[in-house]
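The values are calculated or read from the model by the stated rules, or taken from the named source; none is laboratory data. Being a predicted model, the structure only gives us computed values, none of them experimental. All Cβ positions, glycine included, derive from the backbone under ideal geometry; neighbour counts span all protein chains shown.
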Amino acid sequence: MHETNYLHQPQVWPSVGAAPGQAASVPKVQGLSEEGEAMIIEWVQQCAECKGTGLYVGFAERDGAGVVCQSCKGSGRRQMKVEYKEFTQRLQRTDVTHVYRTNPGIVVDAGKTVSGGVSIREWEADPTSCEQPGKEMRQHTCPAWWYQSADYSKKPDWKECMGVGAFADCRQFPDKASCWQRWDKEQVPHD
């Protein structure tokens, strides 16, 4: 099967909805900048928010009411521009010394007051090191709170957690260490 590289052959870029023989809207692709790093792609597309109509109808617009789409200012079209650098390798950050898998919405520092995570050296050697059990922010979160952000497929579906509103409002939250013990036991593969 032949694949077309549209970035290097913009003259064959397909245009959905163009009439036969009509010129297609071809993305403008600019090459490397003078610095040799930035790439820019520009194109015009149908506004996704109003579906090209220029009029937006959301949950508050009813019974035939609509508002001028704020995304396209009523034109139905969006001028898009993406500036990027081609990936060559993962770059290093010099301002990070500690890595957490995710942040569930609390203020974190470099492992001084917040438990969990790994050193930047551990993460650079093994990017999955911060995913290991025990590297969660167990001091500040429960398993449901943590895994809602970190890996939803691992979020426990315990009836005790249901309908509490905020995780910190759960009646079990003050004893979240016992929830972590339960979670650890349930993660052990059963034969």
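Can you tell me which residue among GLN9, GLN79 is farther than 30 Å from ALA125 by Cβ and modelled with pLDDT under 70?
Result of the check over GLN9, GLN79: GLN9.
Mind listing whichever residues of the stretch 74-107 are in a loop (DSSP other than H, G, I, E, B), farther than 30 Å from GLN45 by Cα and of a type in the set (A, V, I, L, M, F, W, C)?
LEU91, VAL96, ILE106, VAL107
Being outside any helix (DSSP H, G or I) and closer than 17 Å to ASN103 by Cβ is the filter here, so list the residues in the stretch 149-167 that pass it.
ASP151, LYS155, ALA166
To keep it simple, each residue is scored yes or no on (1) in a strand (DSSP E or B); (2) within 30 Å of THR88 (Cα to Cα); (3) at pLDDT 95 or above; (4) not acidic (Asp, Glu).
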| position | (1), (2), (3), (4) |
| --- | --- |
| ALA18 | no, no, no, yes |
| ALA23 | no, no, no, yes |
| VAL26 | no, yes, no, yes |
| LEU32 | no, yes, no, yes |
| ILE40 | yes, yes, no, yes |
| GLN45 | yes, yes, yes, yes |
| CYS50 | no, no, yes, yes |
| PHE59 | no, no, no, yes |
| GLY64 | no, no, no, yes |
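When you go through VAL99, VAL108 one by one, which is the residue that is within 30 Å of ALA38 (Cα to Cα), hydrophobic (A, V, I, L, M, F, W, C) and touching a Phe, Trp or Tyr at 6+ places or on another chain (Cβ under 8 Å)?
VAL99
Is there any pair linking a residue in the stretch 47-73 that is surrounded by fewer than 16 Cβ atoms within 10 Å (Cβ to Cβ) to one that is aromatic (Phe, Trp, Tyr), with Cβ under 9 Å and at least six apart or on different chains, and which?
GLU49/TYR56; GLY66/TYR56; VAL67/TYR56; VAL68/TYR56; GLN70/TYR56; SER71/TYR56
Looking at ALA168 and the list (1) without any contact (Cβ under 8 Å) to a residue 24 or more places away in the chain; (2) of a type in the set (A, V, I, L, M, F, W, C); (3) crowded, with 19+ Cβ neighbours inside 10 Å, which single condition is not satisfied?
All conditions pass for ALA168, except number (3).
Quick check on the stretch 108-148: of everything there that is outside any helix (DSSP H, G or I), touching a residue at least 24 places away in the same chain (Cβ under 8 Å) and of a type in the set (A, V, I, L, M), which residue is farthest from GLN187 (Cα to Cα)?
VAL108
Out of everything in the stretch 86-143 that is more than 20 Å from the chain's Cα centre (by Cα) and of a type in the set (Ser, Thr, Tyr), what residue ends up being farthest from GLU160 (Cα to Cα)?
Only one residue fits best here, namely THR88.
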